[in-house]
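**Student:** Right, I'll just put the structure down here and ask away after.
The values are calculated or read from the model by the stated rules, or taken from the named source; none is laboratory data. Quick caveat, the model's predicted, so the values are computed rather than measured. Cβ coordinates were reconstructed from backbone atoms using ideal geometry, including for glycine residues, and neighbour counts include every protein chain displayed. Surface accessibility is based on the protein's heavy atoms, side chains included, excluding ligands, DNA and RNA. Shrake-Rupley method; radii C 1.70, N 1.55, O 1.52, S 1.80 Å.
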Amino acid sequence: MKPETRQPARRALYVAGVALCAASMATAMAAPAAQVNPVQDKPAQAGSKAAPGSNPIIRDKFTADPAPLVVGDTLYLYVGHDQAQRDEMFNMREWLVYSTKDMKTWTDHGPIMNVKDFKWAKADAWASQTIEKNGKFYFYAAVEHDGTHPGKAIAVAVSDKPTGPFRDARGSALVTNAMTPKGTHSWEDIDPTVFTDDDGTTWLAWGNRQCYIAKLKPNMTEIDGPIREITPPHFEEGPWLHKRGKMYYLTYASLDRTTQRDEHVSYSTAPSIEGPWTHRGLLTGSGKYSFTIHPGIVQFKDNWYLFLHNATLAIGDMNGAIGRRAVTVEHLQYNPDGTMKTVVQTEAGVTAPPPR
């Protein structure tokens, strides 16, 4: 069956699953579509002879939630591994890491952790990000906590190398659902993003429907001070913090439930990590065939890149779906005032020259 005809079924499956937790999502999914980015009309095939570096950049596995990290002359990309079968919605049990030196050839370093490595967690190796500090690499990830602290939680692991092995750095969750009691549901504590400011202070932001931010202690394994809410317009999930020049950026998966069926990417800017944040609108549209999208932004060898995911990849008889996504990357450029230029998602990706 062609992906175009499978998409309504996949979206209906997503609505059915989320309705168990949030009835409001059904209304959002029934809204008119607002696809604003042209991408390929046919699914990318695993093993196809596409130009190295074209989208999707990983074709032998379904991957999602890209989080780039630059170490010297190498870019490391941390991703979740989508293993959903048939009409299964999500099945994510491990995290993978890839590396590149040229943005075209990617080396697979295999799984770096399994959700079972966090003894207090019971499921769901969801979105993650790794950051380097004090000669070590700290890995923050969203998981489902066991019955002692019901709901989603944020874990932290540590390694001496960007490719692992990683180990649980606390033996307990860094953030639990009980720490954000004003939230509207039990899966708000997901999608951590970590950022170290020029003064050496590291910040953690995360959330679903609510966006939270907190300072980390120098040991990187404890919250330092209060947790604050900084929810921007249409915030859904997947926040990403970065800085360019004197401007701070909060980029995230957004969903305007009055006009959109699928997540888009929006962003806000601020003169300080503590705000005030100014909403700047859309950065890019939805990922084709995918309800979710997840931004990751990085500067590598003097160029800026935006990592995303869609669901255009087919592997064998398995087409892309809500739980079978594929990571992509595009050039990212800025306007003279520091705002980011709108990104059009393409099949060529970074194999094409940056748009002018």
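**Student:** Give segment 212-225 a look and list any residue that's among the hydrophobic types (A, V, I, L, M, F, W, C) and either in contact with a Pro (Cβ under 9 Å, 6 or more places away or on another chain) or surrounded by fewer than 23 Cβ atoms within 10 Å (Cβ to Cβ) (or both), or say none. Give the derivation first.
**Tutor:** Filtering segment 212-225 down to residues among the hydrophobic types (A, V, I, L, M, F, W, C) leaves 213-214, 216, 220, 223.
Within segment 212-225, 213, 214, 220, 223 qualify.
**Student:** Would you please list the contacts, defined by Cβ atoms under 6 Å and residues six or more apart or on different chains, that run from a residue in segment 65-92 that is over 22 Å from residue 239 (Cβ atoms) and in a strand (DSSP E or B) to a residue that is open to solvent by 10 Å² or more (accessible area, probe 1.4 Å) and not aliphatic (A, V, I, L, M)?
**Tutor:** Between residues of segment 65-92 that are over 22 Å from residue 239 (Cβ atoms) and in a strand (DSSP E or B) and residues that are open to solvent by 10 Å² or more (accessible area, probe 1.4 Å) and not aliphatic (A, V, I, L, M), the close pairs are 71/162; 74/99; 74/101.
**Student:** Restricting the search to segment 275-314, which residues are in a loop (DSSP other than H, G, I, E, B), open to solvent by 10 Å² or more (accessible area, probe 1.4 Å) and without any contact (Cβ under 8 Å) to a residue 40 or more places away in the chain?
**Tutor:** 276, 302
**Student:** So residue 239 clears everything in (1) of a type outside the set (Lys, Arg); (2) surrounded by fewer than 21 Cβ atoms within 10 Å (Cβ to Cβ); (3) without any contact (Cβ under 8 Å) to a residue 60 or more places away in the chain except one condition, right? Which one?
**Tutor:** If we test residue 239 against (1) of a type outside the set (Lys, Arg); (2) surrounded by fewer than 21 Cβ atoms within 10 Å (Cβ to Cβ); (3) without any contact (Cβ under 8 Å) to a residue 60 or more places away in the chain, just (2) comes out false.
**Student:** From the list 228, 209, which residue is farther than 20 Å from residue 338 by Cα, surrounded by fewer than 18 Cβ atoms within 10 Å (Cβ to Cβ) and within 18 Å of the chain's Cα centre (by Cα)?
**Tutor:** On the way: 228 fails: within 18 Å of the chain's Cα centre (by Cα).
Result of the check over 228, 209: 209.
**Student:** Which residues, taken from segment 135-157, are part of a strand (DSSP E or B) and surrounded by fewer than 18 Cβ atoms within 10 Å (Cβ to Cβ)?
**Tutor:** Matches in segment 135-157: 136 only.
**Student:** Assuming residue 177 fulfils every condition listed in (1) touching a residue at least 40 places away in the same chain (Cβ under 8 Å); (2) buried (at least 18 other Cβ atoms within 10 Å of the Cβ) apart from one, which condition is it?
**Tutor:** Tallying (1) touching a residue at least 40 places away in the same chain (Cβ under 8 Å); (2) buried (at least 18 other Cβ atoms within 10 Å of the Cβ), residue 177 fails exactly one: (1).
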